[in-house]
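Down below is the structure, laid out as structure tokens.
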Amino acid sequence: MNIIVCLKQVFATDARIKIAPDGKTVSEEQIEWIMSPYDEFALEEALRIREAKSGKITALTLGPERCTTMLRSAFALGVDAAVHLKDPLFDNLDALAVARVLAEAIRKIPHDLVLFGKQGVGVDQGLVQSMVAELLGLPLANIVTKLSVEADKVRCLREVDGGSEWVECGLPAIVSAQKGLNDPRIANLKGIMAAKKKPIDVWNAQSLGVTADSIGASTLTHDSYVLPPPRKAGKVLQGTAEDTAQQLVSLLRNEAKII
Amino acid sequence: MGKTFLIYIETKDSKARKSSIEALCAARRVAGDSTAAAVVIGQCDDASSLAQYGVSAVYTVNAPSTAGFSSDLHAAAVAAAADKVKPDFIGGSATVLGRELFGRLSARLGRTAAMDCIEMKWDGGLKLVRPVYSGKALATVSFQGEAPHLFTLRPNVFPADAPAAGLSCALTPLDVSLDATKATSRVVEVLRGAAGELDVAEAQVVISGGRGMKGHENFDVLRKLVAVIPNAALGASRAAVDSGWIDHSHQVGQTGKVVSPQLYIACGISGAIQHLAGMSSSKCIVAVNKDPEAPIFKLADYGIVGDLFEVVPKLVEEFKKLLAQ
């Protein structure tokens, strides 16, 4: 089974966000970059499927030079190949433009299953996997917490509002991983050492066969950023459990007017 | 720039979802003298009552009842509806299914949707604000290129207007046929959450437990409080979920759900930055924690320094008394 795992490098989740002085960008200074947490679940699932069924895993990412470290981590965990889509044309793309470039790359890599994290943590649009599914005409099981691969299909438990659903998709299919799908392993020293020598395939726009025109101009731009208004610490209630409970309920009704 | 809207109405149990009505009302308010129409796919028993929110038309698309939700079919239907109605904006709610649908629709129509917006107004054009980094920052976005432009609104943020009683409208069936056999995925079994249990993203009140809960069985203490407050849901911090005490669907924060309820009660949660990102836009925050230095107190409107196992049962009694009045 040929599996592609799409990975995105993002800010560490404990990063404090700073806005550039002009208010137009989020500062990347002093940021620790990590593999998006949901992509870790996707990668782990790929490793487990290969262990059960054999096959080949290709890690695929789009981003600048810094993403090399993430692809090395993917090698350390056990992927067989890594493709890095890197070109000045690929900088600052919106979700659909990213999806178009990824879709072109996926066409060129044999695949039965394409795994994504359910979203990158950062821009938080959560769109790319469904866009790629539409561009490639493939089925999608989105936000999945259980996955089983059968002869010619996958059976997935997907999260929906207020419940979950088992869905079946014929192969090839796209599946996006939600937390709960598995418990990702940690790379061992042997894997980390071996990863340093593995070759990363770097594809630019020309080798991928895309142009500024075929990628298309961004149709959604993030123009300015602000930090959310700071909250002020409020009242600390004093007294016994009973006293404080009484005060709180009274304040919620009479002061906050919530209840 | 025109400002006509077409809002996708998601259904649940053959009824329009509340979050879709919120999106419809928000579009209606922004549209002003212009129009907001609704499009409904498949069975929707209350479709004609959408007129009570001032829609100009309700378009319907027949779908085989066996189809379930299939984002590829639904995206095709909404695209076909948009082709006939020619709106300037196509909107919906950023529910789980709404996100998947608008991803496919974006690819079909060749433009990127602005997802999960929390502010929408008209100022020479449609101005949308959406949280990024799980709410650690807010971005103002704009659309480039030609209409239609696509957006979804975060559930539970935009108020639904009171329905104008008695209004109803004729439904306008669209000549769009959906072939269930063309769906690329198939729903084979639907599992519901526990009966009557509300999702944290949709609740007006969220009561969350963290590391201080000490074990899965202790969440029953919070469940009792959830049970006495109307429209309340049970939440949890990552620490509680990763300890295996409660399912991930309850997790609030950067690798869980981002919520904006009227009232958020954090019990035994210290307030890691990833958790605060997911709940700091709540209208009113209450923290119950033994540790007076816990970061959660820095943003709580009301803090109780104490043992949640003593305080929460008293809160159950007090809420019962108050709500019985």
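Any read-out appearing in this document is the output of simple, stated calculations on the displayed coordinates, not a laboratory observation. Keep in mind that this is a model prediction, so the values were computed, not measured. Neighbour counts run over all protein chains shown; Cβ positions are idealised from the backbone, glycine included.
Sorting the segments A:208-216, A:105-113 by their mean number of nearby beta carbons within 10 angstrom, highest to lowest, gives A:105-113, A:208-216.
Projected over all directions and averaged, the alpha-carbon convex hull of the protein assembly as shown occupies 26.9 nm². In the calculated pair-distance distribution of segment B:267-316, the portion above 14 angstrom amounts to 47 percent of the Cα-Cα pairs.
The phi torsions of segment B:203-211, fed into the Karplus equation with coefficients 6.51, -1.76 and 1.60 and a -60° offset, translate into couplings of 7, 7, 10, 10, 10, 10, x, x, 4 Hz, rounded to whole numbers, with Gly and Pro shown as x.
Computed over segment B:218-289, the Cα gyration tensor eigenvalues convert (square root of 5λ each) into semi-axes of 17, 16, 11 Å, ordered from largest to smallest. Placing unit charges on each Cβ (+1 for Lys and Arg, -1 for Asp and Glu) gives segment A:1-131 a dipole about its Cα centre, and among A:Gly78, A:Pro37, A:Asn2 the Cα reaching farthest toward its positive end belongs to A:Asn2. Excluding same-chain neighbours fewer than eight residues apart, the aspartates and glutamates reachable from A:Lys196 by a Cα-Cα span under 15 Å are A:Asp80.
In chain B, the calculated helix contribution to ellipticity at 222 nm averages -8000 deg cm²/dmol per residue, counting -39,500 (n - 2.57) for every DSSP H run with n ≥ 4. Here the sum of -39500 (n - 2.57) over DSSP H runs of 4 or more residues, divided by the residues of chain A, equals -9000 deg cm²/dmol at 222 nm, to the nearest 500.
Annotation: peptides B:77-85, A:236-244, B:249-257, B:162-170, ranked by per-residue average of other Cβ atoms within 10 Å with the highest first, follow the order B:249-257, B:77-85, A:236-244, B:162-170. If you add up the charges near B:Ala287, with Lys and Arg at +1 and Asp and Glu at -1, over every other residue whose beta carbon is less than 14 angstrom from its beta carbon, what do you get? Net charge in that neighbourhood comes out at +2. In angstrom, the C-alpha Rg and Dmax of chain A are 21.9, 71. Remark: chain B is approximated by an ellipsoid whose semi-axes, taken from the C-alpha gyration tensor as √(5λ), come to 38, 21, 19 Å, largest first. Taking every DSSP bridge with both residues inside chain A, close to 40 percent are antiparallel. Peptide A:209-221 has a mean of 4 when you count, residue by residue, the C-beta atoms of other protein chains within 10 Å of its C-beta.
Start at zero, step by 5 Å, and the Cα-Cα distances of segment A:42-87 spread as 5, 23, 30, 21, 12, 6, 2, 0 percent across the bins. Using every pair of separate Cα atoms, the Kirkwood estimate puts the hydrodynamic radius of segment B:81-207 at 17.6 angstrom.
Counting charges near B:Glu318 (Lys, Arg +1; Asp, Glu -1) among other residues having Cβ under 11 Å from its Cβ returns a value of +1.
Between their Cα atoms, which of A:Lys235/B:Lys127; A:Lys24/A:Lys86; A:Lys86/A:Lys198 are more than 27 Å away from each other? Distance filter (> 27 Å) returns A:Lys235/B:Lys127.
All alpha carbon pair distances within segment A:114-160 were sorted into 5 Å bins beginning at 0; the resulting P(r) in whole percents reads 5, 19, 27, 26, 17, 5, 2, 0.
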